[in-house]
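> Starting off with a structure, shown below.
The values are calculated or read from the model by the stated rules, or taken from the named source; none is laboratory data. Being a predicted model, the structure only gives us computed values, none of them experimental. Every residue, glycine as well, gets a Cβ built from its backbone with ideal geometry; the counts of neighbours run over all protein chains shown.
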Amino acid sequence: MALFVVNRYVGDEESVSADKSQVLLQRLQERAKVRELQKQRQEQVTSVESREPDNEIVGLDAEEDSKREVRKKRKHEGSPVSESPREKKKKQQGGGNKGLSAKNAGFGLNKNIKNGGELNPSQERTEGTEGSEGEPKNHQKNANGSATEETEAREDEYTDCEGEQMALVPSAREALPPSSMMVLGSYSQKAVPKAQHLLPPWLAQPKLVQRRIKENLVLLQDVPVIHPKLVKKLQVNRIQSLFPVQVKVIPAILESGARGFLAGRGGYQPSDICVSAPTGSGKTLAFVIPVVQALLGRVVCQVRALVVLPTKELAQQVSKVFNIYTDGTGLKVVQITGQKSFAREQESLFEKSLMGFRSLADIVVATPGRLVDHLQQSPAFSLRELRFLVIDEADRMMDGIQQGWLRQVVEAVSRTEEKGAGTAGLFGQRAEQMPLTAAKADRPQIPLQKLLFSATLTRNPEKLQQLSLFRPRLFMPVSSKQQVAAGQEVEKPYALPEGLSHYYVPCSLNWKPLFLLHFLQRLKFSCVLCFTNSRETAHRLFLLLRAFGGVMVAEFSSRLSPAQRKGTLKEFEQGKIQLLISTDATARGIDIAGVKCVISYDAPQFIRTYIHRVGRTARAGKAGLAFTLLLKPQESRFLKMLRAAGLPRLERQRVKSHHIRPLLSRYEEALAELQNAVKEERTEKRS
Ligand SMILES: Nc1ncnc2c1ncn2[C@@H]1O[C@H](COP(=O)(O)OP(=O)(O)OP(=O)(O)O)[C@@H](O)[C@H]1O
C-alpha cells in the first residue's frame, strides 16, 4: 500500500493527457490552416475573374483597378471611411490587404510569364514576394528593359497616389496576425476626415460662367445693355456675338454704374468684381466695353480708369483695344509703360493751363513700376477722380503687391491736395470704402471699383485680402449646365480652353532640339511659339536652329530692347517668323491669332505658367495644340502638378527615332556652328 503519491505515475498520466491535447490542438490548427488557405484561394480566383479580362499584367492591374475603384467609390460617396463589406470582413479576419496583394502580384506575374513576358528568375522572386509598395517599379519594365507606355503611365499614377494608397492599404501593424494581447496606449484605426477649406461665401459660391465659348455665344442684339455706339464698333471689328464671360461680366459692371459713373447702384458703393476665365476667352473686352461705356458721358477729362498690367507688351495690347473702342468718343487713352521717355509720358498725361494743370487722359494703361514713378514724381498726375481700377493678370499683379504699387495707388486716390495741381475736385476726399450711410449722404464721393481679371485667379482669401476688396463678386468658369447645377467644377481652380489638345513628349536632354525640329517639319506649323525657362536657353536654341536652317526663327526675351521685341512680335503676327523662341515674357496675355502650336521646350515649373503658356493657342474658341518636352525625372512631378490642379490627364506623344535620324547629320554641323557663334559672342563681349 502506498502511503505517498508516486510522482512517476502522476507524471506519466499528465504527460499522456498533455500529448493527447497537443495532438488535438495540432490537428485543429492544421484544419484551420487548410480552411484559411481554401478561403484565400477562392477569394483570389473570384477577384481576378470578376475584375480582370485577358490582361498582361493581371495581378498588378487587378489590384490597381480595385484600388482605383475603391478610391472612386469613396470620392463619389464623399466618405473617407466607407469600406466594402469584403474589406471589412478581411480586416476582421486580421489578414489585411497586404498579404492578399502580395499574392495577387505573384499571381499576376505567373500569368505574365505565361503570356510571354520574359522575366528573369530574380525578377520573378522579387515580384512574387514583395509587398504592394515595391511592386509597381518591378512591373514597369518589359523584356527589353524599356518601360511600356501603359505601365509607365501607371507608374506615375501609382507614385502620385502614394498618399492615398497609405489610407487604402492597411499598415504593416494591421497586417500582422491577430494577437490576443491588448496593446496598451494604442489608437483605434479610424480614418480622419479631410479638413475642408472654409471660404467666405463670395468665394465659395461664385457666379458661374460657361467655359465653352462656341456653344454659348450670345448675339449682340440680345445684350441690350451695351450702348449702340459700342455695338456698332464691335460689329465693325467683326464681333457679332459675345463670349460667355462678356455676357455675364459686362452687365455686372454696367449695373454697378447704372446711375452714372459717379455712384454705384442705388447710390451705394459698387461691389468689386473678380473674374477667373480661361485664356483666350475674351476677358479684355469684358472690361474694355463697360469701362468705355461708363465714361461715355463724362464732361471733364480726368483719369477715371486705371488699368495695370505686368508687362509693356500686354499694356500695349490692351491700350490698342481701348483705342479702338474710344475712337470718336472724345475719351483719351494714355499708356505709361516706359516705352517713351518720362518727360514725354508726362506731356501726354497733363498740360499746364491758366487754371493750373489739366488732365489729358481719361484712361491710363500702365505697368506698375512706371505708374509708381509717375505717382511719386509727377505731382499733376492725379487719381482723385478714379472710378475704375482694373487689375489684369491679377494673380501675377498680386505677386508684386508687396512691392507697394497698390498702396501707392490707394494713397493717390484718397490724397487731399494735389501738390501744384489745379484740379480741385468736385467731390470731397475719399474716405475708406464702406456702405453708404445717412451721415455720409450729404457728401458724395466717387466710388472706386476694383475689377480683377485672370485665367488663374487665386481663391486664396489671404492673398485676396491684400487687395482690400469691397463686397466682391466672383465669376468662375464651369464646363456644362449639369455641372453648374451640381456645383461640381467650382472646386477646380483652373480651366483650360475648350479647343486645346495638349500632350507631353518624353525626351532626353540631347534630343530636345531635334524633337523641336521634328515637330516643326513633320507637322508643318506656320506659327509655333516655343518656351524656354531662361533667356540663355532661348538664345542658344535660337542660334542653333538658325544654324540648322530651313526655319524662319526668332527669339524673344529681355536680351532684346523693347523696340526689338515689339518688332519681333509684329513679324510673328504677320507670319514672317515661323518659330518664335521665347522666355515666359510672352506666356501671359499675349494675343496672337495665328499661333497653332505651343511647345514647352523646358518644362514649366508652376501650374500657372503652364496654363498661360498653352493658352497662347486655342484662343477665342479655336483649336490649338500644345506639347511639353519632359525629361524622365520630370514626368512624375509634372503630371502630378497637373492632376493636383484638377486638369485632365495629359496624353503621351512619342517621337520615333526614324523620324529623327534624317536630321542628325545636319544637326551635328549646326552644333559646330553654334560653338563658333558662342565663342564669337564671348569675344565680342570682352572687347
Ligand atoms: N465676342 C468676341 N467675338 C469674337 N472674338 C472675340 C470676342 N471677344 C474676344 N475676341 C477675341 O478673342 C481673342 C482673345 O481675347 P482676349 O485676349 O481678351 O482673351 P483673354 O481672356 O484676355 O486671354 P488671356 O487670359 O490669355 O489674356 C482676341 O483676339 C479677341 O479679339
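> Can you tell me which residue in region 591-607 is farthest from the ligand (Cβ to nearest atom), limited to those that are more than 22 Å from G282 (Cβ to Cβ) and aliphatic (A, V, I, L, M)?
By that ranking, first place goes to A603.
> Could you check region 523-549 and list, in sequence order, the residues that are basic (K, R) and in contact with a Ser or Thr (Cβ under 6 Å, 6 or more places away or on another chain)?
R535, the sole residue that qualifies.
> I need the full set of residues from region 585-604 which are of a type outside the set (A, V, I, L, M, F, W, C) and either crowded, with 21+ Cβ neighbours inside 10 Å or at pLDDT below 95 (or both), in order please.
Listed by number, the residues that qualify are T586, R588, G589, G594, K596, S600, Y601, D602.
> Got a number for residues in region 589-615 being of a type in the set (S, T, N, Q) and within 18 Å of S454 (Cα to Cα)?
1
> Ok, one more. Could you tell me whether region 570-585 includes any residue that is touching a strand residue (DSSP E or B) at 6+ places or on another chain (Cβ under 7 Å), within 16 Å of the ligand (Cβ to nearest atom) and farther than 25 Å from L663 by Cβ?
Yes, region 570-585 contains a residue that is touching a strand residue (DSSP E or B) at 6+ places or on another chain (Cβ under 7 Å), within 16 Å of the ligand (Cβ to nearest atom) and farther than 25 Å from L663 by Cβ.
> Something else now. Restricting region 219-256 to residues that are within 10 Å of the ligand (Cβ to nearest atom) and in a helix (DSSP H, G or I), which is surrounded by the most Cβ atoms within 10 Å (Cβ to Cβ)?
This residue is Q246.
> Any idea which of F519, F475, F515 is within 16 Å of the ligand (Cβ to nearest atom) and modelled with pLDDT of 80 or more?
F475
> Could you tell me whether I577 is over 13 Å from the mean Cα position of the chain (by Cα), within 20 Å of L544 (Cβ to Cβ), part of a strand (DSSP E or B) and of a type in the set (V, I, T)?
no
> (1) among the acidic types (D, E); (2) touching a Phe, Trp or Tyr at 6+ places or on another chain (Cβ under 9 Å); (3) assigned to a helix (DSSP H, G or I): which one isn't true of D395, the others all being true?
So the condition that D395 fails would be (2).
> Something else: Taking region 642-668 on its own, how many of its residues are over 20 Å from R616 (Cα atoms) and not in a loop (DSSP other than H, G, I, E, B)?
Qualifying residue count, region 642-668: 15.
> Could you grab me the full set of residues in region 553-589 that are of a type in the set (A, V, I, L, M, F, W, C) and in contact with a Leu (Cβ under 7 Å, 6 or more places away or on another chain)?
Within region 553-589, V553, A554, F556, F572, L579, L580, I581 meet the criteria.
> What are the pairs, 6+ residues apart or on separate chains, where a residue within region 517-541 that is surrounded by 22 or more Cβ atoms within 10 Å (Cβ to Cβ) has its Cβ under 6 Å from a residue that is in a helix (DSSP H, G or I) and not hydrophobic (A, V, I, L, M, F, W, C)?
F531/R613
> Now for a different question. Please determine, by comparing only the residues of region 608-624 that are in a loop (DSSP other than H, G, I, E, B) and within 11 Å of the ligand (Cβ to nearest atom), which one is farthest from L580 (Cα to Cα).
G621
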